[in-house]
Structure formats: C-alpha cells, structure tokens
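Sharing a structure below in structure tokens format, with a few things to ask.
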Amino acid sequence: MDQHAQNDSTAWAEGYLPGPVLLLGAPGVGKGTQAKILMQQFHIPQISTGDLLRDHRKRHTELGLLADELMQRGELVPDDLVNRMVAERLASFDCQPGFILDGYPRTLVQADWMDKTLASGELNAGGKLPLVAISILVNHDALLKRITGRRISATGRIYNIYTNPPRVAGVDDIDGSALTQRSDDTETAFEQRMREFHAKTAAVIDHYRARGRFFEVDGSASVEHVTAAIREAIFTLRQQPVALAGSL
Ligand code: AMP
C-alpha cells in the first residue's frame with residue numbers, strides 16, 4: 001500500500017492493526033491526552049493504570065483502599081498488584097487488535113512481566129505484533145504548570161487553568177459539569193511523582209530504547225503536532241523487521 005495512503009487516519013481506521021503501544025513519560029507529558037486521541041483513531045482501548053486504580057478507589061475495593069494513600073502521596077503502587085490488574089484488563093476481547101498502555105510499565109519489574117506475558121501469547125492480547133514504545137519528553141517547569149493547572153470534567157475532558165482554561169471557570173464547556181482537580185495534582189505530590197519517575201521509570205524508558213521499536217517525541221509541541229509525531233512513529237516502527245528491533 002502507498003505509504004501516504006496507509007498513514008492517513010482514514011486508512012488506519014480501515015483495518016490497520018497497531019498492536020500493543022506503550023506511551024511512556026513523566027507525569028503531565030500528555031500520555032492520557034494522546035492515548036485518548038489514538039484510541040479513537042485506531043479503535044483500540046486505552047489502558048491507563050492510573051485510571052484503573054482511581055476506579056478501584058472510587059469503588060472502595062481492597063486494591064483501591066490499599067492504593068489510596070500511596071497515590072495521594074505520589075508513590076507507586078506495588079508491582080504485583082498493578083501487574084495483576086493489567087493482566088485482567090488485557091484478557092478482555094477488545095485488546096486483541098492492540099491496546100495503548102498509558103502509565104504502565106513504570107518499573108523494570110513491570111516491564112519484565114509485560115515483555116514475558118506478551119511473548120508467551122497466553123493473553124492473546126495485541127494480536128501477535130511486538131510492542132512499540134513511545135517516550136514523550138517535556139521539561140520539568142512545564143510539567144509542574146501542566147499538573148498543578150490541570151482540571152478534569154466528569155467525563156474526563158482535560159483543561160488547564162493557565163494554558164487551556166474553560167470558558168467559565170470551574171465548569172466544563174460542553175456539558176456544564178463541575179471541573180475537579182486530582183488529589184495528587186499538588187506541587188508536593190508532583191515532586192514525589194517526579195522522584196519516582198527518575199528513580200524507577202527512567203530505567204524502563206532506557207530498557208525499551210535499548211531494545212528498539214522505540215521513539216522519542218517532543219511533548220512540548222501542540223497536541224495535534226504530538227499526535228502526528230506519535231502516529232508517524234508507530235507507522236515507521238511497525239515497518240521494522242522483528243530481527244532489527246529485537247524480538248519479544
Ligand atoms: P497516573 O494517572 O498515571 O499519573 O497515575 C497516578 C498514580 O497511580 C501514580 O502516581 C501511582 O501512585 C499510581 N500508578 C499508576 N500507574 C502505576 C503503575 N504502573 N505502577 C505503580 N503505580 C501506578
């Protein structure tokens with residue numbers, strides 16, 4: 001197929017199989033925003049471990065109660081609990097053509113589990129395609145502004161009081177619902193989340209960089225530019241022969 005035709009989102013909608021895609025990066029780089037856009041373009045689910053954990057908290061499950069304090073402080077939830085939660089989600093039928101993981105893996109233990117699980121084929125998730133990893137980069141000061149300015153609508157629409165404010169303060173433009181702030185979007189929790197990122201998640205990014213099928217994207221550009229760069233990266237990485245990129 002002609003490269004431009006296949007790279008066009010309409011062509012993608014008509015049967016392009018993206019397989020497993022990892023979106024990696026520090027808190028606030030835009031993983032969630034981009035994952036939601038790509039989910040609609042590819043027709044594959046976004047799996048955000050942060051969202052799954054917040055849902056557990058809301059439902060007061062055992063995992064939710066355990067995760068609550070850790071999340072509030074900006075610390076990571078134990079690997080075995082997160083891996084089990086991801087395994088359950090990946091076993092769903094909708095993950096077969098592919099999925100976008102947002103905020104996972106965040107430690108080398110999680111990355112190792114993910115690599116082995118996909119290689120074993122036991123979940124049949126993501127078809128049989130190897131995963132591609134995209135790392136999004138944004139500088140620390142911009143991240144702080146994004147995180148502390150972030151406000152979220154009841155349906156998950158994301159605003160920023162500094163850079164993308166709603167028309168009426170505190171109210172969603174579309175459905176009028178009240179905007180809320182995540183309890184870990186404070187400066188103190190952000191700094192702890194950044195410490196966790198540098199101590200544990202930076203090594204995960206190095207792991208996938210070394211393995212190939214990896215691309216780094218400048219996340220400080222506009223949302224549309226970042227989406228275009230990620231799409232281009234996925235398309236290009238998918239063309240690489242498995243042997244070149246290291247095998248799963
Ligand atoms: P996020 O919504 O991705 O920013 O995640 C919010 C919080 O959920 C993190 O600060 C962690 O406490 C927890 N969390 C999310 N994903 C993971 C993960 N893969 N491993 C451990 N903890 C996680």
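Every read-out reported here was derived from the displayed coordinates using simple, explicitly stated rules and does not represent laboratory data. Here the structure is a predicted model, which means the values were calculated and not measured. Every residue, glycine among them, receives a Cβ derived from its backbone with ideal geometry; neighbour counts consider all protein chains shown.
Give me a comma-separated list of calculated 3J(HN,Hα) values for segment 88-93, in order, Karplus coefficients 6.51, -1.76, 1.60 applied at θ = phi - 60°, integers in Hz, x for any Gly or Pro.
4, 5, 5, 6, 5, 4
Hey, got the dipole for the chain? About the Cα centre, +1 on K and R Cβ, -1 on D and E Cβ, debye to the nearest 20? Show your work: numbers first, answer last.
On the way: 27 positive and 31 negative charges, 21 e Å.
It comes to approximately 100 debye.
Please compute, for the alpha-carbon atoms of the chain, the extent along each of the three principal axes and give them in descending order in Å.
48, 38, 33
Another question, if that's okay. Once you charge only the Cβ atoms, +1 for Lys and Arg and -1 for Asp and Glu, what is the size of the charge dipole of segment 117-248 about its Cα centre, to the nearest 20 debye? Intermediate values should be presented prior to the final figure.
On the way: 16 positive and 15 negative charges, 58 e Å.
Computed about the Cα centre, the dipole is about 280 debye.
Among SER183, SER220, which comes first, then next, by fewest other beta-carbon atoms within 10 Å? Let's see the in-between values first.
Details: SER183 12, SER220 15.
Ranking SER183, SER220 by Cβ neighbours within 10 Å, fewest first, gives SER183, SER220.
Pull up all non-local amide H partners of ARG151: gap of 5 or more, or a different chain, and H-to-H distance under 5 Å with H placed in the peptide plane.
Amide H neighbours of ARG151, under 5 Å, 5+ apart: TYR159, ASN160, ILE161.
Please sort by residue number the trypsin sites (Lys or Arg not before Pro) in segment 90-156 whose DSSP state is loop and whose Cβ has at most 16 other Cβ atoms within 10 Å.
The qualifying sites are LYS128.
For PHE99, PHE235, PHE42, PHE93, what's the fewest-to-most ordering of other Cβ within 10 Å of each Cβ?
On the way: PHE99 27, PHE235 16, PHE42 23, PHE93 8.
Listed from fewest to most nearby Cβ atoms, that is PHE93, PHE235, PHE42, PHE99.
Which of the lysines could a cross-linker span from LYS200 if the Cα-Cα distance has to be under 20 Å and same-chain partners fewer than 8 positions apart are dropped?
Hits, sequence-local ones excluded: LYS31, LYS116.
Same structure, new question: At 25 °C and 0.890 mPa s, what whole-number value in µm²/s does Stokes-Einstein give for the translational diffusion of segment 35-116, with Rh from the Kirkwood sum over Cα pairs?
Numbers: Rh = 13.3 Å.
So the translational diffusion coefficient is about 184 µm²/s.
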